[in-house]
Amino acid sequence: MKIAVFSDSHGFTDNMKAAVRECRPDLIIHLGDLRRDASVLDAEFPTTALLAVPGNCDLPNREPDTLCLDLDGVRIFLAHGHRHGVKMGLDAFLNSVYCSGSALGLYGHTHAARITETNGLTAFNPGACGAVNPSYGIVTLQDGKFDCRIVRLNGGTEI
């Protein structure tokens with residue numbers, strides 16, 4: 001299973017649409033800021049499953065700001081990250097990932113693409129897809145294992 005992961009689009013949806021056309025994911029995840037941008041993807045790609053959580057710019061908000069998924073034998077924790085203080089460090093976020101029973105946590109908010117592995121947990125930030133140096137993430141799931149990649153939209157280089 002291939003998942004395209006976006007965060008912090010802030011109203012700029014063209015990068016996300018181009019990325020989805022290119023990578024052709026089975027699932028799209030939007031990690032907030034602005035969550036309404038996910039509805040643009042939903043309309044453009046109606047046959048592709050889409051999940052989204054709200055971020056700090058998505059107020060007022062009545063939706064849960066975290067989700068847990070069980071996909072292809074992998075438990076995944078989703079949050080924008082602002083309530084976990086991810087700009088100050090990942091301890092609170094990783095604690096939530098651990099307490100949820102997840103091996104993988106997806107977050108945004110910092111606008112900085114990053115993959116952090118610690119104590120058997122992976123925290124994955126796809127960066128900001130609406131930024132000056134836009135990026136998004138691809139998570140590949142197979143047989144209870146996962147692989148995370150960051151794709152830069154301005155040249156397609158992967159990290």
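Here Thr116 fulfils each of the conditions (1) β-branched (Val, Ile, Thr); (2) part of a strand (DSSP E or B); (3) open to solvent by 30 Å² or more (accessible area, probe 1.4 Å) apart from (3).
Note on the range 60-95: residues that are crowded, with 19+ Cβ neighbours inside 10 Å, outside any strand (DSSP E or B) and small (Gly, Ala, Ser) total 1. Among all positions in the range 138-158, there is at least one residue which is within 20 Å of Arg24 (Cα to Cα), modelled with pLDDT under 95 and hydroxyl-bearing (Ser, Thr, Tyr). Every residue in the range 32-58 that is part of a loop (DSSP other than H, G, I, E, B) and small (Gly, Ala, Ser), please. Within the range 32-58, Gly32, Gly55 meet the criteria.
Restricting Ala92, Ala103, Ala128, Ala113 to residues that are in contact (Cβ under 8 Å) with a residue 40 or more places away in the chain and touching a His at 6+ places or on another chain (Cβ under 7 Å) narrows the list to Ala128. When Ile29 is tested against (1) surrounded by fewer than 19 Cβ atoms within 10 Å (Cβ to Cβ); (2) of a type in the set (A, V, I, L, M, F, W, C); (3) part of a strand (DSSP E or B), exactly one condition is not met: (1). Within the range 96-105, the only residue that satisfies the criterion of being open to solvent by 30 Å² or more (accessible area, probe 1.4 Å) and either within 15 Å of Cys148 (Cβ to Cβ) or at pLDDT below 95 (or both) is Ala103.
Number of residues in the range 125-148 that are assigned to a strand (DSSP E or B) and surrounded by 24 or more Cβ atoms within 10 Å (Cβ to Cβ) equals 5.
The requirement of being touching a strand residue (DSSP E or B) at 6+ places or on another chain (Cβ under 9 Å), more than 21 Å from Pro134 (Cβ to Cβ) and open to solvent by less than 10 Å² (accessible area, probe 1.4 Å) is fulfilled nowhere in the range 7-26; no residue meets it. Among the conditions (1) more than 19 Å from Ala52 (Cβ to Cβ); (2) of a type outside the set (Phe, Trp, Tyr); (3) without any contact (Cβ under 8 Å) to a residue 24 or more places away in the chain, the only one that His84 does not satisfy is (1).
The values are calculated or read from the model by the stated rules, or taken from the named source; none is laboratory data. Here the structure is a predicted model, which means the values were calculated and not measured. Neighbour counts run over all protein chains shown; Cβ positions are idealised from the backbone, glycine included. Ligands, DNA and RNA are stripped out before the accessible areas are found, and what is left, the full protein with its side chains, is counted by its heavy atoms. Shrake-Rupley method; radii C 1.70, N 1.55, O 1.52, S 1.80 Å.
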